[in-house]
Amino acid sequence: MPRRVVRRTRSSITPETQAQIPIKVKINGVEYSHTVEPRLLLVHYIRDLVGLTGTHVGCDTSHCGACTVLVKGLWGDDWLAVKSCTVLAAQVDGKEVLTIEGLAKNGELHPLQRAFWENHGLQCGFCTPGMIMAALGLLLRNPNPTREEIKWGISGNLCRCTGYVNIIKSIEAAAKEMREKGVTV
Amino acid sequence: MYPRKFEYIAPNRVEDVLRLLRKYRDEAKILAGGHSLLPMMKLRIIGPNVLIDLKNLRDKLAYIRDSGRVVRLGALTTHAEIEQSNTLRRDIPLLPEVASLIGDMQVRNLGTVGGSLAHCDPAGDWAVAMLALDSSVAIQGERRRVIPISRFLKGPFTTALRPTELLTEITIPKPPKGHGWSWKKFERKAGDFATVNVAAVVIPDRRGTVKKASIAVGAVSPVAYRASAAEIMLRGKRPDSELLRRAAEAAAEPASPISDLRGSAEYKKWLTTVMVKRALEEALNRAGISVEVSKHA
Ligand SMILES: Cc1cc2nc3c(=O)[nH]c(=O)nc-3n(C[C@H](O)[C@H](O)[C@H](O)COP(=O)(O)OP(=O)(O)OC[C@H]3O[C@@H](n4cnc5c(N)ncnc54)[C@H](O)[C@@H]3O)c2cc1C
Ligand code: FES
Ligand code: FES
């Protein structure tokens with residue numbers, strides 16, 4: 001990357017562009033509206049303004065996947081796993097977001113959450129929300145992945161504890177249950 | 001990490017994007033998938049005053065269109081869409097293969113082919129693939145111009161785009177049925193940028209010799225390049241392993257890698273010959289041309 005800092009020139013900005021923008025985002029089925037600075041990152045929006053702290057910040061440089069959430073409507077109509085530290089809150093204005101808090105329904109864990117629990121898919125748990133959301137993004141696209149496809153699917157998510165073996169087992173178990181019971185998000 | 005303050009707009013029409021680019025020029029940056037731009041803004045390597053988000057132009061600028069002898073890709077087509085395209089798997093299988101090895105699933109979900117070409121990272125993957133396929137790009141400014149990719153890529157992070165122009169489309173001629181292809185991306189770990197990346201396309205003739213070979217090399221020079229000397233060596237030949245070795249050396253000749261965390265310059269130069277050789281072997285094999293082991297090898 002070029003080590004060049006662009007010096008700020010005197011700006012010719014007129015009210016056409018916005019320094020504060022009103023955004024409406026549906027997160028886990030609930031509508032939120034806030035006025036935010038365009039530079040606010042989605043992960044900070046979710047954690048600091050909406051108050052959902054299940055989505056974690058690990059590296060803050062798009063590498064670890066701890067901040068993974070699903071977004072719908074940004075690029076097409078499918079749920080897509082994205083790294084929320086590398087998305088602006090402004091980009092998801094008018095769109096839907098799903099975080100780890102949105103998975104359990106009526107007090108019942110989502111099959112992915114239960115599979116991680118039952119297969120020891122976590123130790124410290126820091127990577128887990130991002131890992132589960134990435135796994136969900138993968139399974140929505142490919143409900144019956146091979147072990148190799150699972151490994152590739154979560155290659156953007158780092159875990160410092162488990163060594164991944166039990167994470168992969170968990171995802172395999174959840175995929176099976178989701179297929180059998182027809183569970184999606 | 002926060003980017004510097006900036007103002008934001010997400011126009012609904014291409015004309016509005018162009019008008020805003022003319023108004024703000026160097027002060028503004030286009031936001032496509034954001035997966036090169038936002039990391040740089042967070043690290044404060046760049047700090048545009050205005051961000052023009054293309055998110056509302058998906059209808060117009062994201063498509064994979066089969067136009068007979070060519071395939072057209074809208075600039076906003078994502079890596080993931082290319083990875084999953086049946087049209088491309090059938091007609092230009094090199095492209096889905098390249099897409100599938102970019103970054104990770106989350107990066108591929110948002111990153112776009114146009115953004116990658118416009119960004120022109122010397123280690124980026126699309127420039128290499130598009131060079132090998134003789135693609136061209138459509139650029140929209142006050143008027144529209146179409147130029148070959150080789151004239152679009154100018155240097156590290158530098159393209160033929162003017163500050164007032166938008167990259168709108170990439171046109172890729174379909175290689176003939178029965179062509180051989182290969183994508184060799186050497187990465188230290190899953191999801192990393194390439195240490196060296198090589199694309200090869202081999203078109204056989206009916207006698208089982210090479211009618212045309214295209215070889216493009218990335219990550220080991222300021223901008224991706226075509227290994228023309230090696231291509232000429234292979235033309236009209238039924239290569240043996242000795243010729244492949246010499247062609248691979250010729251292909252690495254223009255490389256001027258820098259020593260960095262991915263390896264020393266010397267290592268990368270050597271690695272380039274290895275990867276070109278493997279790419280050629282695979283592409284020839286897929287083209288149905290068998291490589292004889294020569295006595296010297
Ligand atoms: C963790 C990680 C891993 C990655 N790994 C790889 C990899 O292995 N291989 C690889 O090739 N890339 C990799 N990338 C980069 C990724 O492919 C980016 O998506 C891509 O380089 C930029 O595309 P974008 O749509 O995100 O563009 P943006 O980041 O939005 O834009 C990039 C630049 O291009 C300009 N721009 C974008 N679209 C246009 C347009 N239509 N017209 C004119 N200018 C435009 C922007 O103004 C900006 O300057 C990685 C990125 C990350 C974060
Ligand atoms: S915090 Fe690590 S990828 Fe977002
Ligand atoms: S369980 Fe600790 S980082 Fe994954």
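List the residues, sorted by chain then number, that are 5 or more residues from A:VAL36 or on another chain and whose placed amide H is less than 5 Å from its amide H.
The answer is A:ILE21, A:ILE23.
Given labels modelled 7 Å from the Cα in the Cβ direction, how far is it in nm from B:ASN285 to A:LYS151?
1.9
Roughly how tilted is helix A:165-181, in degrees to the nearest 10 and between 0 and 90, from the longest Cα axis of chain A?
That works out to roughly 80 degrees.
Using θ = phi - 60° and the Karplus curve 6.51 cos²θ - 1.76 cosθ + 1.60, what whole-Hz ³J(HN,Hα) does each residue of the range B:105-111 get, with Gly and Pro shown as x?
Residue by residue, the range B:105-111 yields 3, 5, 5, 5, 5, 10, x Hz.
Work out the length of the dipole vector of the range B:58-173 about its Cα centre, built from +1 on the beta-carbon of each Lys and Arg and -1 on the beta-carbon of each Asp and Glu, and round it to the nearest 20 debye. Before the final figure, lay out each step's value.
Values: 14 positive and 13 negative charges, 94 e Å.
So the dipole magnitude of the range B:58-173 works out to roughly 460 debye.
What FRET efficiency, computed as 1/(1 + (r/R0)^6) with R0 = 22 Å and r the Cβ-Cβ distance, is obtained for B:ARG44 and A:LEU49, rounded to the nearest 0.05?
On the way: r = 23 Å, r/R0 = 1.04.
Once rounded, the FRET efficiency stands at 0.45.
What number comes out for the charge environment of B:ARG108, summing +1 per Lys or Arg and -1 per Asp or Glu over other residues with Cβ under 10 Å away?
So the surrounding residues net to -3.
Summarise the partner chain shielding of B:106-114 as one whole number: the mean count of Cβ atoms from other chains within 10 Å of each residue's Cβ.
On the way: counts 21, 6, 3, 14, 10, 2, 1, 0, 0.
Counting Cβ atoms of other protein chains within 10 Å of each residue's Cβ and averaging gives 6.
Would you work out what percent of the accessible area of the protein assembly as shown, with all protein chains in place, is carbon or sulfur (probe 1.4 Å)?
Details: 10450 of 21060 Å².
The nonpolar share, carbon plus sulfur, comes to 50 percent.
Measure nothing fancy, just the Cα-based angle from helix B:265-286's long axis to the longest principal axis of chain B, in degrees from 0 to 90, nearest 10.
Helix B:265-286 and the main axis of chain B meet at about 70 degrees.
Putting +1 on Lys and Arg Cβ atoms and -1 on Asp and Glu Cβ atoms, find which of B:SER150, A:THR86, B:THR273 reaches farthest to the positive end of the dipole of the protein assembly as shown.
Highest projection toward the positive end goes to B:SER150.
Net charge near B:LYS42, counting Lys/Arg +1 and Asp/Glu -1 over other residues with Cβ under 10 Å of its Cβ?
+2
What accessible area per residue, rounded to a whole number of Å², is obtained for the protein assembly as shown using a probe radius of 1.4 Å? Can you show the working numbers first?
Values: 21060 Å² over 482 residues.
It amounts to 44 Å² per residue over the protein assembly as shown.
Please state the charge dipole magnitude for the protein assembly as shown, taken about the Cα centre, from unit charges on C-beta atoms (+1 on K and R, -1 on D and E), reported in debye and rounded to the nearest 20.
In debye, rounded to 20, the protein assembly as shown gives about 1260.
Only bridges whose two residues both fall in chain B count here: according to DSSP, what percent of them are antiparallel, nearest 5?
Details: 40 of 48 bridges.
DSSP beta bridges in chain B are roughly 85 percent antiparallel.
For A:MET178, what is the net charge nearby, where nearby means another residue's Cβ is under 12 Å from its Cβ and Lys, Arg count +1, Asp, Glu -1? Provide the component values of the computation, followed by the final result.
Working: positive: A:ARG114, A:LYS176, A:ARG179, A:LYS181; negative: A:GLU172, A:GLU177, A:GLU180.
It works out to a net charge of +1.
Residue by residue through A:16-23, how many Cβ atoms from other chains fall within 10 Å of the Cβ on average? Let's see the in-between values first.
Values: counts 9, 13, 5, 4, 2, 4, 0, 0.
Mean shielding by partner chains, rounded to a whole number: 5.
Any chance you could run the full-extension gain for A:LYS24 through A:CYS59? It's 0.36 nm times the residue separation minus the Cα-Cα distance, nm to one decimal. Can you show the working numbers first?
Numbers: separation 35, 0.36 × 35 = 12.60 nm, distance 2.71 nm.
Stretched out fully, the A:LYS24 to A:CYS59 stretch lengthens by 9.9 nm.
With a cut-off of 8 Å between alpha carbons and a minimum separation of six or more residues, what is the relative contact order of chain A in percent? Present the calculation step by step, with values, prior to reporting the outcome.
On the way: 306 pairs, mean separation 39.3, N = 185.
Relative contact order, chain A: 21 percent.
Which shape class applies to the range B:6-143: rounded if a/c is under 1.5, otherwise prolate when a/b exceeds b/c and oblate if not, where a ≥ b ≥ c are the square roots of the Cα gyration tensor eigenvalues?
Values: a/c = 2.00, a/b = 1.47, b/c = 1.36.
Judged from the Cα gyration tensor, the range B:6-143 comes out prolate (a/c at least 1.5, a/b above b/c).
A plus B alone minus the pair: what accessible area, both sides summed, probe 1.4 Å, in Å² to 100? Write out the running numbers ahead of the final one.
Working: alone 11180 and 14530 Å², together 21060 Å².
That pair of chains buries around 4600 Å² in total.
Under a crude label model (7 Å from the Cα following the beta-carbon direction), how far is B:ARG13 from B:SER256 in nanometres?
Reported label-point gap for B:ARG13 and B:SER256 is 4.6 nm.
Nearest 10 degrees is fine. How inclined is helix B:241-252 to the longest principal axis of chain B, computing both from alpha carbons?
30
Output the relative contact order of the range B:180-286, whole-number percent, from Cα pairs under 8 angstrom with separation of 6+ residues. Before the final figure, lay out the partial values.
Numbers: 215 pairs, mean separation 31.8, N = 107.
Relative contact order for the range B:180-286 comes out at 30 percent.
Please tell me the relative contact order of the range B:245-292 in percent, rounded to the nearest whole number, where contacts are Cα pairs under 8 Å and at least six residues apart. Show your work: numbers first, answer last.
Working: 32 pairs, mean separation 17.0, N = 48.
About 35 percent, as a whole number.
Label-point separation (nm) for B:LYS211 and B:LYS60, each offset 7 Å from Cα along Cα-to-Cβ?
3.9
Calculate the dipole size of chain B relative to its Cα centre from +1 charges on Lys and Arg beta carbons and -1 charges on Asp and Glu beta carbons; express the result in debye to the nearest 20.
On the way: 48 positive and 32 negative charges, 105 e Å.
Computed charge dipole of chain B: roughly 500 debye.
What are the residues whose amide H is under 5 Å from the amide H of A:THR99, where those residues sit 5 or more places off or on another chain and H is modelled from the backbone?
Here A:ASN28 satisfy the definition.
Return the single residue from B:ARG206, B:ARG144, B:ARG13 with maximal mean-square fluctuation; model: Gaussian network over chain B, springs between Cα atoms under 10 Å.
B:ARG206
The values are calculated or read from the model by the stated rules, or taken from the named source; none is laboratory data. From a predicted model like this one, the values you see are computed outputs, not experimental measurements. FYI the Cβ positions are ideal-geometry reconstructions off the backbone, even for glycines, and counts take in every protein chain you see. The accessibility values were calculated without ligands, DNA or RNA, using every heavy atom of the protein model including side chains. Shrake-Rupley method; radii C 1.70, N 1.55, O 1.52, S 1.80 Å.
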